[in-house]
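Have a look at the structure below before the remarks.
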Amino acid sequence: MNKRLNSEKSGSFPRFGRRRSKRELETGSFKLKGLNPKVCGKNQNPVELFWKSDLNHDQILEKVVQFIEKLASGQDKSKAPEIPNFVESFLKMVESRIATYEQSEASAKLGFNEEYTSFFEAVSCLSKIVNTLDEFPFDSATTSCFNRAGSVHHRAMLLSEYQFLALLDISKRNCNVTVDSKTPKTPKQSFFNSNQETDRCVKPEYDSGTGIVFPYFPPQSVANMNQVALAMISAGYEEECFIVYSGLRLKALDFEFSNQGYENVNMEDFQSMDWESLEGEIDNWIHIVKYCTTNLFSVERKLCNSVFPEHSLIAQKLFCDLATSLTIRLLNFPNAIVLIKQYSAEKLFKFLDIYETLRDLTSSLGSELSALDLISETSETQRRVGEAAVTIFCQLENSIKSDNGRIPVASGAVHPLTRYTMNYLKYACEYKDTLELVFQQHYETEGSTRRKVQKQESKNAIEDNDRIPKTSHFSVKLMMVMDLLDAKIEMKSKFYRDPALRYIFLMNNGRYILQKIKGSTDIDEIMGPSWSGKRTSDLRQYHKNYQRETWRKVLQCLNHEGLQTNGKVSKAILKGRFKNFNTLFDEIHKTQSIWMVSDEQLKSELRVSISAVVIPAYRSFLGRFKSHFDSGKKAEKYIKYQPEDIEGLIDKLFEGNMTSMGRRRHNN
């Protein structure tokens, strides 16, 4: 008997909780299929068209709830239940309200308050009626009630689905959001809301350039979405609910990307792009990723949790799916950049910016199981960018090794290679933590390289007994670069024919390197005090060597010995000494006044040290032997300078400009 009665359940509605295919949903199947509500007369209320009852809405709803509770608690389930008349009144009441919403215009839609809530309370009762009756045997009355309730419920679900779509579609919000004309539109505005005050956008916490805050939903709209979503999920329409939510949120996120000025760039564009343009694209990409990590993802996660608070796993899965779609789109950019071309050493810093941005992106995705694959993909892209950064940094070593120019730098100035390398390392150390991580990851996959690093670390430990051996791979790499630079500068110093100028060149470059290291705490810590002490000692030795090469012969002219013949001072020898001194000093001044010492402290130290040995010797020599010359022009022929003149001319050395000796003498 039960089987016979059960077989009489009508197919007038597809099934309770019928799920439609994704294709149906995407091709505009939101129309209420097979529903042809009666049209009201000109002055007729739609509600009156379907039913009349002595009970009001709340009374009917209360009786229905009591009926459902009675069936669920104590009713004998071996026989069909008796269906009271108020159930039919309830079904007509709900159906009439659906018809009202279907026929309503924007200016007459139901408000989002008690009436909205009561509608979904009624829908919930419909769901319970169908579920409860399905547990009983069926007679004709039960079958009729079951089929009728299921049909009305299915119709309510279609309307709910339609409403959910209208609520989520930002192109229909009552705020000034510009939507691309190519973006598909939803069929209609919300059935249930005509209160524009409650649906107006609030003042943004984040200004995206339009003065509107993402995701454009006031709290009341989010609460309404939650009611609709809860009703659909409870009725078995979760798939439709998820497809609508995901599709429209993805469309909104795509729009927000465009609103932030981000557009996809294909591989062909990258290959033909110059560095300046590519740098702009990188900056734009970093901007949108940071916007995602600091704003977009957190807001979207909050929206998911607010729409589906009763279903945390669903909210988590929906957010992860949306984040995955956006993140894969964002990852295409760095994945393309690391593949398309080779980059010179100075491009390192943009790659480190990308690496750090990807690191922040990974942290923002959370640690949920559903996000593990996405986190893994993001980490793999980050690793590729890190490998590219290592390769680019190694270009610095190659540029030092390949700088084989044999033309010495004019005036013994700081070599461009020294300036480039030290400024590069100083800037690189601003990314020290990131570079250490990048090199660590690189060496973990390079066993042979790791052995080389350990060998270098041991060497450094032996050389610097007061310093703890460095375990940082980047620190070791930086020290190797410094060794290469030292060797290259030493080699280039040999291209100077004048030994004195060679030592000026070594002093210039050595002082520049030392000052740059002392000016960077990170490099100073890596190189250690022993390295700095050794370089300072080298500078002192270069200084001594310069003085010996330049001023040794000058001082020999001022030697008091060898001037006497037969116990008397020989005027001829004395004149020769003064003449040789003048010639040597004039030549040194002429030559070395155009030599360049850019470091003011080093320049001052050189001048002071020269004055300290030359002026006392000249003053002593002049004071002792000046009397051997008759006063007048003959004396001036040999005694060209007074000690003050010598001091003034020494102060003109290493300026990088030629000084006119004749003008100097004229001024004197």
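Some points to look at:
- Within the stretch 421-441, the residues that satisfy the criterion of being polar (S, T, N, Q) and more than 18 Å from Gly386 (Cβ to Cβ) are Thr421, Asn423.
- Note on the stretch 116-136: among residues that are open to solvent by 10 Å² or more (accessible area, probe 1.4 Å) and not in a helix (DSSP H, G or I), the one that is farthest from Ala231 (Cα to Cα) is Glu135.
- Filter result for Tyr245 (open to solvent by less than 10 Å² (accessible area, probe 1.4 Å), in a loop (DSSP other than H, G, I, E, B) and either among the aromatic types (Phe, Trp, Tyr) or within 30 Å of Phe120 (Cα to Cα) (or both)): no
- Total residues in the stretch 625-636, condition surrounded by 13 or more Cβ atoms within 10 Å (Cβ to Cβ) and among the basic types (Lys, Arg): 1
- If the condition is being more than 19 Å from Met479 (Cα to Cα) and in contact (Cβ under 8 Å) with a residue 24 or more places away in the chain, then the stretch 412-429 contributes Gly412, Ala413, Val414, His415.
- Scanning the stretch 405-416 for residues that are aliphatic (A, V, I, L, M) and crowded, with 19+ Cβ neighbours inside 10 Å gives Val409, Ala413, Val414.
- Test: residue in the stretch 576-592 that is within 19 Å of Arg511 (Cβ to Cβ) and open to solvent by 40 Å² or more (accessible area, probe 1.4 Å): no
- Of the set (1) part of a helix (DSSP H, G or I); (2) at pLDDT below 95, all apply to Lys492 but (2).
- Subset of the stretch 74-101 (residues that are open to solvent by 70 Å² or more (accessible area, probe 1.4 Å) and modelled with pLDDT under 80): Asp76, Lys77, Ser78, Lys79, Glu82
- With respect to the conditions (1) touching a helix residue (DSSP H, G or I) at 6+ places or on another chain (Cβ under 8 Å); (2) assigned by the TED database to the domain that holds Leu318, Val228 falls short on a single one, namely (2).
- Thr294 open to solvent by 50 Å² or more (accessible area, probe 1.4 Å) and under 15 Å from the mean Cα position of the chain (by Cα): yes
- Lone qualifier among Leu250, Leu230 - being surrounded by fewer than 16 Cβ atoms within 10 Å (Cβ to Cβ), hydrophobic (A, V, I, L, M, F, W, C) and more than 30 Å from Ser344 (Cβ to Cβ): Leu250
- Phe439 vs. criteria within 30 Å of Ser598 (Cα to Cα) and at pLDDT 90 or above: no
- Summed over the stretch 524-548, the residues that are open to solvent by 50 Å² or more (accessible area, probe 1.4 Å) and polar (S, T, N, Q) give a count of 2.
- Flag not set for Pro184, criterion: modelled with pLDDT of 80 or more and not in a helix (DSSP H, G or I).
- Checked against (1) open to solvent by less than 30 Å² (accessible area, probe 1.4 Å); (2) modelled with pLDDT under 90, Leu322 meets all criteria but (2).
- Test: residue in the stretch 344-353 that is closer than 30 Å to Gln220 by Cα and among the acidic types (Asp, Glu): no
- If only residues of the stretch 468-497 that are in contact (Cβ under 8 Å) with a residue 60 or more places away in the chain and in contact with a Ser or Thr (Cβ under 8 Å, 6 or more places away or on another chain) are counted, the one that is farthest from Leu435 (Cα to Cα) is Ile489.
The values are calculated or read from the model by the stated rules, or taken from the named source; none is laboratory data. Remember, it's a predicted structure, so these values are computed and weren't measured experimentally. Positions of Cβ are generated from backbone atoms using ideal geometry, with glycine treated the same way; all protein chains shown enter the neighbour counts. Heavy atoms of the whole protein, side chains included, go into the accessibility calculation; ligands, DNA and RNA do not. Shrake-Rupley method; radii C 1.70, N 1.55, O 1.52, S 1.80 Å.
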